[in-house]
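The values are calculated or read from the model by the stated rules, or taken from the named source; none is laboratory data. On a predicted model such as this, the values are computed, not experimentally measured, just so you know. FYI the Cβ positions are ideal-geometry reconstructions off the backbone, even for glycines, and counts take in every protein chain you see.
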Amino acid sequence: MTVVENWIFGKLRATTELEVEFSPSVVQTLYESICLNTNGNIHVPKDGNVSEVTGSPTERAVLNWGLKLGVRFREVRKDVVTIGVATFNSTTKKMGICIRTRDGKTCVHWKGAAEIMLELCTHTLEADGSITPLTPDKMEQLNATISKFANSALRTLCFAYRDVSPSEVEELAIKTTKLPDQNLICIAIVGIKDPCRFGVPESVARCQQAGIKVRMVTGDNLQTAKAIAEECGICTEGGIAIEGKTFRAMTIEQQYNVIPSIDVMARSSPSDKHILVKRLLERGEIVAVTGDGTNDAPALHEASIGLAMGIAGTEVAKESSDIIILDDNFASIVKVVRWGRSIYCNIQKFIQFQTTVNGVALSLNFITAIASGNAPLTAVQLLWVNLIMDTLGALALATEQPTESLMLRPPIGVDEPLITNIMWRNIVGQALYQLLLLLVLHFKGLVILGLNDKTVWPGLQTNSEKVLQTIIFNAFVFCQVFNEINARKPDKINVLTGLFSNHLFLYVISFTSIAQVLIVEFAGNFTSTVKLDWQMWILCLVLGVFSMPLAMLIKLIPVPDAPFITYLTPWREHNRNLAYRNGRKFSKAFDEHQERAEIPMRRGSQFFEAIIGNEMVRVPIPDDLPPLLPTEVEPFSKRLKYAIFPYSHAEPSVMSSSCNPQANIAWT
Ligand SMILES: Nc1ncnc2c1ncn2[C@@H]1O[C@H](COP(=O)(O)OP(=O)(O)OP(=O)(O)O)[C@@H](O)[C@H]1O
Ligand SMILES: [Ca+2]
């Protein structure tokens, strides 16, 4: 951040040089304001190297500006006695200090958000040292200056001061009251540029493509925030920019209604950030919050995913977050999303693959055992299959790299099932094919393949039966090998894209295939298999490969958008809506403090969970819940998990099914 524009002593200029004709006393006042009313520090090295400036980015910008003006920090700070300080506060957006200078004068200096500070000013300091009243005309002029700065995406700060009377000093000393902040004299207004970091607009655009709504919630002035949001591409069509105080004044209902269109929230306090996140969560959204300051901690903590900045972030912010972005770069958030989605997809692929193998192996052995008394897959063979699908399958499928297409589709909702309709279709299609194939082989294989070698093995099986059993095992394993390739892209016809760049996948597939050949050809005694001739090998391979064109055909079958599970449980959606409506009703009741609602309450959570039918539903808890525990349960409160309160207005259908009217408290 750097100061790029300033208005001082009644003049507007873009330079940082103070003209010589200013009266020394006014320049001294400005220097005091810069050097004393700050948390930052300047270290001037003795060897003449560049001075080092510490503090928050805003403080550093101001101190650097001071350096350019030629302030001698040590001299200004010498012999000054501090009487009181008001540290920077994100809610009031200003900071102040009360000092006694060398010449015995006591004064208070303030620095803070420009338009907020200007409200507290009654006079301005002029170049010749005179103090002139801040007339409405002048006020308008200054506000126009602030707007001008803000519209060029500059953060505006106002410096002000005033002398403090001995009686006020006494009061300060006795009561340690807050520093006087009325009737101030405006010294200067500066515009600080915080340039949009490299790559941010692109990253925002990528997030938007990925169905993520990016909102900016900042302590800056509305115009500054809008201008910065415009630069970063955060503003959307139909989106609005709102001030924290406007949002705060709304009812919960109004907040719910306005939230979807909020792009920018300006001049927000820490609690505004927190409430916005809370409302979003209540609407069932997943919210990621990034922040650096202590004032962001409540929102970071509340969010589904809190991302703190590693370099600029305060310890408090880092403690309250789930992920720390080491390079402070917004582009890293895109990476987080990409990898997060990739892991989710890889788990889905793995589940699709594994469910198919398990389903087929289980059904095959079950059906054949019941129908013919003997199962084709032996325990050792199943162990090998298990190895293929668990360890090797996970290695192959879970290590797929994230692809670009992951960032082009909308996010997955919290209540969307892990196994999607597309996956069910693939699983059922493949499993049916494999099962049918293996059952036909098991029951009719001898005839179809013309196997009639009646030589009896010690295990009372004929040679043909042994060969058939080996073919079934072999075909089954090859089906898995090729179905593993199918599982790479559950929703794409072409499953081969990127296959050759995923070396681990190729190793796993090759290892599985080679090991299978070795097992069948050389480990017959152990796995109860026999050697196969080349025609049989080709047959097994073809049966396995066939699963690939089949998968393509299966993918042509359209599936509905709504998860299959909702067709099986039509009451589910209905209950959810009902519960949500009632949740709002509860909120309202609590708002108005009219009635006590019947709420099974999980302590410290954002939702309460109600049982409706056989469904557990989550309903948002209103912010300002009155003290929860009835006095008689207080002694046991540590053991209390649910507290249920009588509430007369809730819909009977909910209440009758969810709670026992006798029970006021449910214990765990
Ligand atoms: N050190 C400071 N002294 C005085 N005023 C400040 C200081 N830092 C920020 N401000 C004022 O407060 C506003 C920022 O408030 P706040 O810190 O609540 O917001 P934020 O969005 O967290 O900002 P940041 O980008 O600094 O993290 C700024 O626009 C500025 O007007
Ligand atoms: Ca901050």
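For region 48-148, the strands (runs of 3 or more DSSP E) that sit wholly inside it and include 3 or more residues that are farther than 16 Å from L179 by Cβ are 52-54, 121-125, 131-133. With respect to the stated conditions, T527 fails to be among the β-branched types (V, I, T) and under 26 Å from Q401 (Cα atoms).
For region 215-228, which residues satisfy the criterion of being within 16 Å of ligand 2 (Cβ to nearest atom) and assigned to a helix (DSSP H, G or I)? T224, A225, I228, listed by residue number. Counting only residues that are among the hydroxyl-bearing types (S, T, Y) and either more than 43 Å from the chain's Cα centre (by Cα) or surrounded by fewer than 18 Cβ atoms within 10 Å (Cβ to Cβ) (or both), region 421-458 holds 1 of them.
Residues checked against (1) within 42 Å of the chain's Cα centre (by Cα); (2) crowded, with 22+ Cβ neighbours inside 10 Å:
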position	(1), (2)
T101	no, no
V108	no, yes
A113	yes, no
M117	yes, yes
I131	no, no
P136	no, no
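Of the residues I234, I240, I262, I212, which single one is modelled with pLDDT of 90 or more and either within 16 Å of ligand 2 (Cβ to nearest atom) or touching a Leu at 6+ places or on another chain (Cβ under 8 Å) (or both)? One residue alone meets the criteria, I262.
Applying the condition of being within 16 Å of ligand 2 (Cβ to nearest atom) and farther than 15 Å from V334 by Cα to region 188-209 and asking which residue is modelled with the lowest pLDDT yields D194.
In this structure, T294 does not qualify as at pLDDT 90 or above and either within 16 Å of ligand 2 (Cβ to nearest atom) or in contact with an Asp or Glu (Cβ under 9 Å, 6 or more places away or on another chain) (or both). A count restricted to region 87-118 and to residues that are of a type outside the set (A, V, I, L, M) and near ligand 1 (Cβ under 8 Å from one of its atoms) stands at 7. Listed by first and then second residue, the pairs linking a residue in region 315-340 that is among the basic types (K, R) to a residue that is part of a helix (DSSP H, G or I), with Cβ atoms under 7 Å apart and 6 or more places separating them unless they lie on different chains, are R338/L406; R338/M407.
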